[in-house]
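> Have a look at this one.
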Amino acid sequence: MVPHLVTALNGPINELEARVLESMPATERWFRLEWMEHTPPFYTSVDIRNAGFKLAPVDTNLFPGGFNNLTPEMLPLAVQAAMAAIEKICPEAKNLLLIPENHTRNSFYLTNVRRLIQIFTQAGLNVRLGSLDESVKAPTAIQLPDGSELTVEPLVRTRGRLGLKDFDPCTILLNNDLSTGLPQVLEGLHEQYLLPPLHAGWAVRRKSVHFRAYEEVAKKFAKLLGMDPWLINPMFSTTTDLNFAEGTGLDALQTQADALLSKVRRKYKEYGIQEKPFIVIKPDSGTEGFGLMTVRDAKELADLNLKARAKLGASGRGLEVSSVILQEGVPTYERVNEAVAEPVVYMIDRYVVGGFYRVHAERGRDENLNTPGSSYVPLAFAESGQLPRLGEKPGASAPNRFYMYGVIARLAMLAASYELETTDPDAEQYD
């Protein structure tokens, strides 16, 4: 199934698909050479928007929590990629400690944890769950909707190692985005592999750093394909030193918004796009869909009322927002059963292992879909994501569309690799 594009402006995206497919050998070689120089994040998910005139990532998550939305047919790819990743990092690994989010009563998230356990068990590891929640004092069973259960256990720290009672892992896998801070119990683990590293957590990570790295990657790739990098890159800017509660810094925010909207308008004019451009303002860290605002005219920011400022200043988890990223809005023109949809691609190591469409019947093409009420329709990656059908008409083949999504997602993953290298506090140890 290829969800239909509800736009007459699908010419450019079909041209992009054709160019990506024609350049497949060069593209795959380019990725191989990049991975010789850079280490991919352990696992990644990327939200992509297809506007018909451009295709771009709008969010990159290094602690993906939706593996439950991948179909069983995608499991072999995930297990194989997990095997490759573990063999590269710790070939003698026997035990894996998985640390989930603390809000472990969310049944959808728990099903994701169970799927991760399944993947890494089938990759040949003993997997147990350890909790950062200090209220967990003993092994605690958590019921899942289907009647099965997961057991989370208290962490045991001994000098440079972290484990559980009678369980000493070689590798610790975080499925907790650390948005509330870096737990002391995770620091100084020099004898074990901590994946992803602490500086991948939202206590340290910034979206602006990621998209700066993505801009660099997009320029390199666009040069390879002989195209305008804007077709795959959302423009952005940042504003810092904001205090939404007191209303300080809003003049600078309005100035940045006006400048970015002007840049987008020039691009729309260049490509003959009749749409009215918009930008999305969101916190520079975090991925939970809080604090987002869509702006079509910078004047909208001139007189924000208290409620609007409170919304922008909230990042979830009770943290105040003082720095935001202003990102070119990429409308999504894809529809699944007439509902607005956006593809989300999942990767382990440097391999695409699956994905799904995030679908929301009550949201518009220029709105955030990662909100209550969204549903998930699996992508057909397992069968065909890496096997495009060369020579088919652009826009008509699911494998070709999904291969193109995989390419964009891998560009975002490569950007995350660049990003982690620049923000690595121990980088000098590896020179």
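> In the chain, carbon and sulfur make up what percent of the accessible area (probe 1.4 Å)? Don't skip to the end; give the middle numbers.
Working: 9440 of 18970 Å².
Roughly 50 percent of what the probe reaches on the chain is carbon or sulfur.
> Run through every distinct alpha carbon pair of the range 10-78 and return the Kirkwood hydrodynamic radius in angstroms, one decimal place.
On the way: mean 1/r = 0.0679 Å⁻¹.
That comes to 14.7 Å for the range 10-78.
> Still on this structure, please answer the following. Tell me the per residue accessible area of the chain using a 1.4 Å probe; a whole number in Å² is fine.
Working: 18970 Å² over 431 residues.
Ligands and nucleic acids excluded, the figure is 44 Å² per residue.
> Starting from 0 in steps of 5 Å, tell me what percent of the Cα-Cα pairs of the range 251-300 lands in each bin.
Spelled out per bin, shortest first, that is 4, 19, 26, 20, 17, 10, 3.
> Enumerate the calculated ³J(HN,Hα) couplings along the range 170-175 in order (Karplus 6.51 cos²θ - 1.76 cosθ + 1.60, θ = phi - 60°), each rounded to whole Hz, writing x wherever the residue is Gly or Pro.
3J(HN,Hα) across the range 170-175, in whole Hz: 7, 10, 10, 9, 8, 10.
> Moving on. Past the 14 angstrom mark, what percentage of all C-alpha to C-alpha distances in the range 214-254 do you count?
Details: 471 of 820 pairs.
Roughly 57 percent, rounded to a whole number.
> Under the definition of Cα pairs under 8 Å and six or more residues apart, what whole-number percent is the relative contact order of the chain?
Values: 825 pairs, mean separation 97.1, N = 431.
Taking the mean separation of contacting Cα pairs over the length of the chain, I get 23 percent.
> Further, regarding this structure: Are there trypsin sites (Lys or Arg not before Pro) in the range 165-274 that DSSP puts in a loop and that have at most 13 other Cβ atoms within 10 Å, and which ones? Kindly include the intermediate steps, with their values, before the conclusion.
Working: sites: Lys165, Arg205, Arg206, Lys207, Arg212, Lys219, Lys220, Lys223, Lys263, Arg265, Arg266, Lys267, Lys269; in loops: Lys165, Arg205, Arg206.
Answer by residue number: Lys165.
> Sticking with this one: Quick one: which residues, 5+ away or cross-chain, put their amide H under 5 Å from the amide H of Val353? H built at 1.01 Å from N.
Tyr346, Met347, Ile348
> Relative contact order for the range 102-205: what is it in percent, counting Cα pairs under 8 Å that are at least 6 residues apart? If you can, show how the numbers build up before the last one.
Values: 122 pairs, mean separation 19.8, N = 104.
Relative contact order for the range 102-205 comes out at 19 percent.
> Here is a follow-up. If amide H atoms are built 1.01 Å from N in the plane of the peptide, which residues on other chains or at least 5 residues away come under 5 Å of the amide H of Val127?
Leu96
> Also: Tell me the net charge near Ile89. Cut-off is 15 Å between Cβ atoms, Ile89 excluded, with +1 for each Lys or Arg and -1 for each Asp or Glu. Spell out each step's value before the answer.
Numbers: positive: Lys88, Lys94, Arg350; negative: Glu87, Glu92, Glu191, Asp349.
Charge balance in the 15 Å sphere: -1.
> Let me ask something else about it. Per DSSP H run of n ≥ 4, the term is -39500 (n - 2.57); total these for the chain, divide by its residue number, and report the mean residue ellipticity at 222 nm rounded to 500 deg cm²/dmol.
Numbers: 9 runs with 133 residues, N = 431.
My calculation for the chain gives -10000 deg cm²/dmol from helical runs alone.
> Continuing with this model, one more query. Write down the Å³ per residue value for the convex hull defined by the alpha carbon atoms of the range 101-234.
Values: hull volume 22.9 nm³, N = 134.
Roughly 171 Å³ of hull volume per residue.
> Provide the descending list of Cα extents for the chain along its principal axes, expressed in whole angstroms.
Projected onto its principal axes, the Cα set of the chain covers 65, 58, 50 Å.
> DSSP loop (so not H, G, I, E, B), at most 12 other Cβ within 10 Å: list which GluC sites (Glu not before Pro) in the range 19-94 pass both filters. Don't jump to the answer; show the numbers that get you there.
Values: sites: Glu22, Glu28, Glu34, Glu37, Glu73, Glu87, Glu92; in loops: Glu92.
Listed in order of number, the matching sites are Glu92.
> Next question, about the same structure. Going down the list Lys223/Lys282; Lys54/Lys207; Lys220/Lys267, which pairs span over 26 Å between their C-alpha atoms? Let's see the in-between values first.
On the way: Lys223/Lys282 30 Å; Lys54/Lys207 20 Å; Lys220/Lys267 20 Å.
Those over the limit are Lys223/Lys282.
> How big is the charge dipole of the chain about its Cα centre, in debye rounded to the nearest 20, if each Lys and Arg gets +1 on its Cβ and each Asp and Glu gets -1 on its Cβ? Show your work: numbers first, answer last.
On the way: 45 positive and 53 negative charges, 141 e Å.
Computed about the Cα centre, the dipole is about 680 debye.
> On a 0 to 90 degree scale, rounded to 10, what angle separates helix 75-89 from the longest Cα axis of the chain?
70 degrees
The values are calculated or read from the model by the stated rules, or taken from the named source; none is laboratory data. What you see is a predicted model, and the numbers here were worked out from it, not measured in a lab. Virtual Cβ from ideal backbone geometry, glycine too; neighbours counted across all protein chains shown. What goes into the accessible areas is simple: the full protein's heavy atoms, side chains included, and nothing from ligands, DNA or RNA. Shrake-Rupley method; radii C 1.70, N 1.55, O 1.52, S 1.80 Å.
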